[in-house]
Amino acid sequence: MPLHLFYKAVLIFGGGTALLFLFSFIHIQQGSVDITLSIIMEAIFGNGEELEHEIIRTLRLPRIVVGIMAGAALASAGVLFQTLTKNPLASPATLGVNAGAYLLVILGAVFLPASLPVNGFVLAFAGGAIAAVLVFLISGGSQATPVRMALAGMVLTLTFSAFTSAIQIFFEYETAGLFLWGNGTLVQNDWSGAQFMVPATLTLLAILLLFSKKFDVLFIGEEHAKGLGENVTFIRVSMFLGAVTLTAISVSVVGPIGFIGLIAPHIIRLMGLYLHGWLLSASMLWGAVIVIGADVAGRWLDPSLNELPVGSVTALIGAPWLIWLIWKHRGTFFRLSRKEGLSGSGSGKKVSYSIVMIGAIIFTVTAVVFGISVGSQGLELQNTWLALINSEETALRSFIINLRLSRVLVALVTGMLLAISGLLFQGVLRNPLADPSVIGVTSGAGVGAMLILYVFPALSAAWIPLGAIIGSFIAVAIVLLLSKKMHFQPAVMALMGIGISAVGSAIIQILIVRFNLNAASALTWLSGSTYARGFDELQWFLIGPLLVIVPIAFYFMKQIDLLALGEETSIGVGLNVTLLRWSMSILATVIAACSVAAAGTIGFVGLVAPHIARMIVGHDNRKIFPLSMLIGGGFLVWADALGRLVLAPKEIPSGIVVAMIGAPFLLWLMRKRKV
């Protein structure tokens, strides 16, 4: 072996093994009970029966073992997915496989609880396989580009996550305790998880290593491989089944841990290993290193009895890694077109604008009436309106005005503001996928608002919008500055934003665990909800942007129309494109941040409302503007009302209802626009 290859092998395998032992040693000592080296050795090799020995044997060692197995499995799955799809952005997390597996496991916990310990793996495998196939089809099959496939996977993840959150809220008792597991956790109470995971993972990894040379033939192309007599279809199916099975094994025991399959293979490729025998072996080792290291970091960040999900820590590492990969390969991945924009969004049908606006007003007013009439017993239309028209100040009348009406008004104005924010982003960035949630604004605002709420509790509520605005500005600045070099290409910007959103969501999850919020409150905040919102939120967070920023934004609609003609044409007629783009982005960010401060991280309203308006009335933004406001406001009010009605007296957060509609809409839009 040449000397440089020997040094490389020592660095990769020797260094990785040393790090794994170091992290494992630190890991086994972490906890409320002090553990010394002698106690560890006695517990592993001796017959000690002290409490410390039992803690090591039944709690800490199983946790390390499943962490090593999960890291090896997910890293290997990432290698297989990347080779299979010829997509360096592919991994169980970015292709939606983790989310699909988790969704079916949650369904199993609700409807097949007795058999879940046995069928958990089967359900996870089925969910992961369905997700992978859907992503492949949605992104264009064999014609899919790396970014489009990754974007389809991330959006499908958002869709599955919305349904998963709804199920957890519907069946709070049946899914109790799964919130932590749903974010990826290595916590083990015995050896049962390891007893399933170790033989299953090691057997499958050994089989994959035996066939690793077969995987190498895919590097030379399908036609050349067939010319050498290889059964390419069999190889591809084997890789697909192997990757999904490894993911299912991991998810069924430790939950969905994201980005390991993205980080580990790329670390090894950066070190110069590309053949699958070496790539798989080294990725297994470094996947284990990353998972155990992340768990050590999580327990160090929060040494209390509250567990910090390891998946939150890996998201903090992996999402920036995803953004870096997009940036690193920008010249290879994308062939940018100056023709990108919103030109294909209109229907072209001649519809009377007056009739359209009357219809939109009816839609919105009906939503408000319906929203006010939905109570804990379901739809209470007659009682509600009898109480409202009664001149006497009854308890029911006061209840309806102060709780229901105020809540509906918060939903209405929040939806309007999010719609305008989305319209501004889509217009100035000429990006049909732009939305405050898709490009990371709402997630950044959520982090800022939560930091004010829980890290600085002495501050008054008046500071919450400021925190949300600062957080959202940081998020949108990162996305816009990185996307500028790629001409604000729609899919790139959306994927960048989703990466930023993943970081924000991880920080929010860490804050939730750190400040010991219960699962229902956590899901409500993460999903976005108008629950318990009222006139205070309306006064503090929403009225100002509605009365001040919205009119300013409308004034610039004609200039945004000019921008739709193309950047060079706009500059030719004297438009300061850079100033317009940044000033309108600032207004859109402030509007979205105030909406998050009022109702949490509600997504997709800013995507759906402008597109529906554009489909109806064409491309004149001055017509789209008021129509988008009505559609966005009515949409969120309907979502809030339906969330209260479907399982009354239980509630589904309106953000989840919106995501159930908005995420599939984004997938449809991607396929229709071929972005």
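If only one of I257, I268 is more than 25 Å from Y102 (Cα to Cα), touching a helix residue (DSSP H, G or I) at 6+ places or on another chain (Cβ under 6 Å) and surrounded by 24 or more Cβ atoms within 10 Å (Cβ to Cβ), which one is it?
Selected residue: I268, the only one of I257, I268 that is more than 25 Å from Y102 (Cα to Cα), touching a helix residue (DSSP H, G or I) at 6+ places or on another chain (Cβ under 6 Å) and surrounded by 24 or more Cβ atoms within 10 Å (Cβ to Cβ).
I'm trying to understand the selection: among the residues of the stretch 429-458, which are in a helix (DSSP H, G or I) and surrounded by fewer than 24 Cβ atoms within 10 Å (Cβ to Cβ)?
To start, the set of residues in the stretch 429-458 that are in a helix (DSSP H, G or I) comprises 429, 441-455.
Of everything in the stretch 429-458, those that are in a helix (DSSP H, G or I) and surrounded by fewer than 24 Cβ atoms within 10 Å (Cβ to Cβ) turn out to be L451, I452, L453, Y454, V455.
One residue is enough: does the stretch 191-212 have a residue meeting the conditions surrounded by fewer than 19 Cβ atoms within 10 Å (Cβ to Cβ), modelled with pLDDT under 80, of a type in the set (S, T, Y) and over 15 Å from R63 (Cα atoms)?
The answer is no; no qualifying residue exists.
For the stretch 46-59, does any single residue satisfy the condition of being of a type outside the set (V, I, T), closer than 20 Å to T185 by Cβ and not in a loop (DSSP other than H, G, I, E, B)?
yes
Kindly indicate whether any position in the stretch 539-555 is modelled with pLDDT under 90, out of contact with any Pro (no Cβ under 9 Å at 6 or more places or on another chain) and not basic (K, R).
First pass over the stretch 539-555, keeping only residues modelled with pLDDT under 90: 539-541.
Remaining after also requiring out of contact with any Pro (no Cβ under 9 Å at 6 or more places or on another chain): 539.
Then drop every residue that is not not basic (K, R), which leaves 539.
So far as the stretch 539-555 goes, yes, one or more of its residues are modelled with pLDDT under 90, out of contact with any Pro (no Cβ under 9 Å at 6 or more places or on another chain) and not basic (K, R).
Tell me yes or no: at least one residue of the stretch 544-554 is surrounded by 19 or more Cβ atoms within 10 Å (Cβ to Cβ), under 22 Å from Q489 (Cα atoms) and not basic (K, R).
No.
Please work out which one of (1) buried (at least 24 other Cβ atoms within 10 Å of the Cβ); (2) farther than 20 Å from V410 by Cα; (3) within 25 Å of the chain's Cα centre (by Cα) is the condition F665 fails and give its number.
(1)
Return the residues of the stretch 422-460 that are touching a helix residue (DSSP H, G or I) at 6+ places or on another chain (Cβ under 6 Å) and of a type in the set (G, A, S); say none if nothing qualifies.
Listed by number, the residues that qualify are G422, G427, A434, G440, S443, G444, A445, G446, G448, A449.
Restricting the search to the stretch 645-662, which residues are surrounded by fewer than 24 Cβ atoms within 10 Å (Cβ to Cβ) and either assigned by TED's automatic domain parsing to the domain that holds T145 or not β-branched (V, I, T) (or both)?
Looking only at the stretch 645-662, we keep the residues that are surrounded by fewer than 24 Cβ atoms within 10 Å (Cβ to Cβ), and these are 645-651, 660-661.
Correct list: L645, L647, A648, P649, K650, E651, M660.
So for the stretch 143-153 (the condition being in a helix (DSSP H, G or I) and either at positive phi or more than 21 Å from the chain's Cα centre (by Cα) (or both)), does at least one residue qualify?
Here is the first cut: in the stretch 143-153, the residues in a helix (DSSP H, G or I) are 143, 146-153.
Subsequent filtering for residues that are either at positive phi or more than 21 Å from the chain's Cα centre (by Cα) (or both) retains 143.
Among the residues of the stretch 143-153, at least one is in a helix (DSSP H, G or I) and either at positive phi or more than 21 Å from the chain's Cα centre (by Cα) (or both), which makes the answer yes.
Would you please name the residue that is farthest from L417 (Cα to Cα), looking only at residues in the stretch 459-487 that are part of a helix (DSSP H, G or I) and among the hydroxyl-bearing types (S, T, Y)?
Narrowing the stretch 459-487 to residues part of a helix (DSSP H, G or I): 461-484.
From what is left, the residues that are among the hydroxyl-bearing types (S, T, Y) are 472, 483.
Working: S472: 15, S483: 24 Å.
That would be S483.
How many of the residues making up the stretch 265-277 are under 15 Å from F219 (Cα atoms) and assigned to a helix (DSSP H, G or I)? Even if it seems obvious, please write down each step before you answer.
Going through the stretch 265-277, the residues under 15 Å from F219 (Cα atoms) turn out to be 269, 273-277.
Narrowing further to those that are assigned to a helix (DSSP H, G or I): 269, 276-277.
The total comes to 3.
Being aromatic (F, W, Y) and in contact (Cβ under 8 Å) with a residue 24 or more places away in the chain is the filter here; which residues of the stretch 275-329 pass it?
Keep residues of the stretch 275-329 that are aromatic (F, W, Y), which gives 278, 286, 300, 321, 324, 327.
Listed by number, the residues that qualify are W286, W300, W321, W327.
List pairs: first in the stretch 136-159 and more than 15 Å from F665 (Cβ to Cβ), second hydroxyl-bearing (S, T, Y) and assigned to a helix (DSSP H, G or I), Cβ under 8 Å, 6+ apart or cross-chain?
F136/T85; A144/T85; P146/T85; M149/T85
Filter the stretch 123-142 for residues that are buried (at least 23 other Cβ atoms within 10 Å of the Cβ), part of a helix (DSSP H, G or I) and among the small types (G, A, S) and give the result.
If the condition is that a residue be buried (at least 23 other Cβ atoms within 10 Å of the Cβ), part of a helix (DSSP H, G or I) and among the small types (G, A, S), then A124, G127, G128, A131, A132 are the ones that fit.
When V413 is evaluated against the numbered criteria (1) surrounded by fewer than 21 Cβ atoms within 10 Å (Cβ to Cβ); (2) modelled with pLDDT of 80 or more, which criterion, by number, is the only one it fails?
(1)
Yes or no: A522 surrounded by 16 or more Cβ atoms within 10 Å (Cβ to Cβ), at pLDDT below 80 and of a type outside the set (F, W, Y)? Quick ask: steps written out before the conclusion?
Values: surrounded by 16 or more Cβ atoms within 10 Å (Cβ to Cβ): yes; at pLDDT below 80: yes; of a type outside the set (F, W, Y): yes.
Yes.
Among the numbered criteria (1) part of a helix (DSSP H, G or I); (2) surrounded by fewer than 18 Cβ atoms within 10 Å (Cβ to Cβ), which one does W181 miss?
(2)
What number of residues in the stretch 62-97 are under 15 Å from G311 (Cα atoms), assigned to a loop (DSSP other than H, G, I, E, B) and aliphatic (A, V, I, L, M)?
Of the residues in that region, 1 qualify.
Of the conditions (1) within 27 Å of the chain's Cα centre (by Cα); (2) buried (at least 23 other Cβ atoms within 10 Å of the Cβ), L627 satisfies every one except a single condition; which number is it?
Answer for L627: the failing condition is (1).
Within the stretch 220-259, how many residues turn out to be in a helix (DSSP H, G or I), of a type in the set (G, A, S) and more than 21 Å from L208 (Cα to Cα)? Before the answer, list the steps.
Taking the stretch 220-259 and keeping what is in a helix (DSSP H, G or I), we get 220, 222-227, 232-254.
Going one step further and asking which of them are of a type in the set (G, A, S), we end up with 225, 227, 238, 242-243, 248, 250, 252.
Among the residues that remain, those that are also more than 21 Å from L208 (Cα to Cα) are: 227.
So the answer is 1.
The values are calculated or read from the model by the stated rules, or taken from the named source; none is laboratory data. Every value quoted in this text rests on a predicted model; they were computed, and no experiment measured them. Cβ atoms come from the backbone with ideal geometry, glycine included; neighbour counts cover every protein chain shown.
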